[in-house]
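None of the figures in this text is laboratory data; all of them are computed from the coordinates on show. These numbers come from a predicted model, not from an experiment. Cβ placement follows ideal geometry from the backbone for every residue including glycine, while neighbour counts extend to all protein chains displayed.
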Amino acid sequence: MFSGSIPALVTPFRNGAFSEPDYRDHVEWQIAEGSSALVPCGTTGEAATMPAGEHFEVVRVCVEQAKGRVPVIAGAGSNDTQVAIANCKSAKQVGADAVLMVPPYYNRPSQEGIFRHFEAVAAQCDLPIVLYNVPGRTVTDIKPETMARIVNAFPGKFVAVKDATGDLARVSTHRATCGSDFVQLSGNDDLGLAYNAVGGRGCISVSANVAPRLCADFQAACQSGDYARALELHDKLFPLHVALFTDASPGPVKYALGKVRPGFPTELRLPMTEANAASREAVDAALKHAGLI
């Protein structure tokens, strides 16, 4: 259902408010540059700082601007099962094609609790669900056996995973236990080449915000089996993948966008702050290496 380069979109703000014109322009640019789907209101989109009304207004605008040209996967996770269910319903109401859902964070449920959370969500969610396993942020890991249990218990409901564990062996494990139709997407740009080589089908990407065409071309090379070309593009993009996490994200990403697309607002919402001097220097060097500035 989903493959290729899928940007986890930043959310532009001006004077503290969501900037719809800048967002529409960003969405349009992403589609024109070859992105194959869009993820509004994920971590990179600063969803944690958005009230629910604003969150799903951003999703609505993304859907409206995409005009069905690419799928929209709305960030919808919560550590409260009932809120996660409500988020799925809101995403459906504004026209999203699927939802992206982390397991509950902070309260740290057991593997049984994770399964039962997604069981409850699946019972009331009318959209396909992309699982998002990012224990570095949630402190909750969907273990491979739990992943298989979730996917196999609800055929056709949990269609993909954004895997940000950094554990490449899981790609093979998930292929064996979740089936070949279960789409595996890397959640780490820097591991995208290796991830695809062992069975991944794309990446939900931070770097694609800044370099959508290069990221799309990289994924296309992987999908066609041209790993020589993919390696060439990986080497071109690798410093950028690293630089965008030299300070708390999305500070470096918004700084980079301001360089690549002058006039794009780089404002962040607290507790996120602008990239520090060392990070900005690393981003500048990476943009030059990639030929983006």
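Every helix of 4 or more DSSP H residues in the chain counts as -39500 (n - 2.57), and over all residues that averages to -14500 deg cm²/dmol at 222 nm. Using the Karplus relation 6.51 cos²θ - 1.76 cosθ + 1.60 with θ = phi - 60°, the per-residue 3J(HN,Hα) values for region 84-90 come to 4, 5, 4, 5, 4, 5, 5 Hz, with x marking Gly and Pro. For region 257-270, the Karplus equation 6.51 cos²θ - 1.76 cosθ + 1.60, evaluated at θ = phi - 60°, returns couplings of 4, x, 7, 6, 10, x, x, 5, x, 9, 4, 10, 9, 4 Hz by residue, with Gly and Pro reported as x. Placing +1 on each Lys and Arg Cβ and -1 on each Asp and Glu Cβ, with no other charges, gives region 4-212 a dipole about its Cα centre of roughly 420 debye.
Most simply put, the chain has about 10% antiparallel DSSP beta bridges, counting only bridges with both residues inside it.
Highest mean packing first, where packing is the average number of other Cβ atoms within 10 Å per residue, the peptides 222-229, 200-207, 246-253, 277-284 line up as 200-207, 246-253, 277-284, 222-229. A simple spin-label model places the labels of residue 223 and residue 48 3.2 nm from each other, with each point 7 Å out along Cα-to-Cβ. For residue 269, the amide hydrogen comes within under 5 Å of no other amide hydrogen, counting only partners 5 or more places away or on other chains and with H modelled in the peptide plane. Using Cβ point charges alone (K and R +1, D and E -1), the dipole size of region 92-168 about the Cα centre works out to roughly 120 debye. Each of 160, 293, 209 was placed along the dipole of the chain (beta-carbon charges, centred on the mean Cα), and the one lying farthest toward the positive end is 160. Amide H to amide H, with H built 1.01 Å from N, residue 74 comes under 5 Å of 97, 98, 99, 100, counting only residues 5 or more places away or on other chains. Bridgeable lysines around residue 254 (alpha carbons under 24 Å apart, same-chain partners fewer than 8 residues away excluded): 162, 236, 288.
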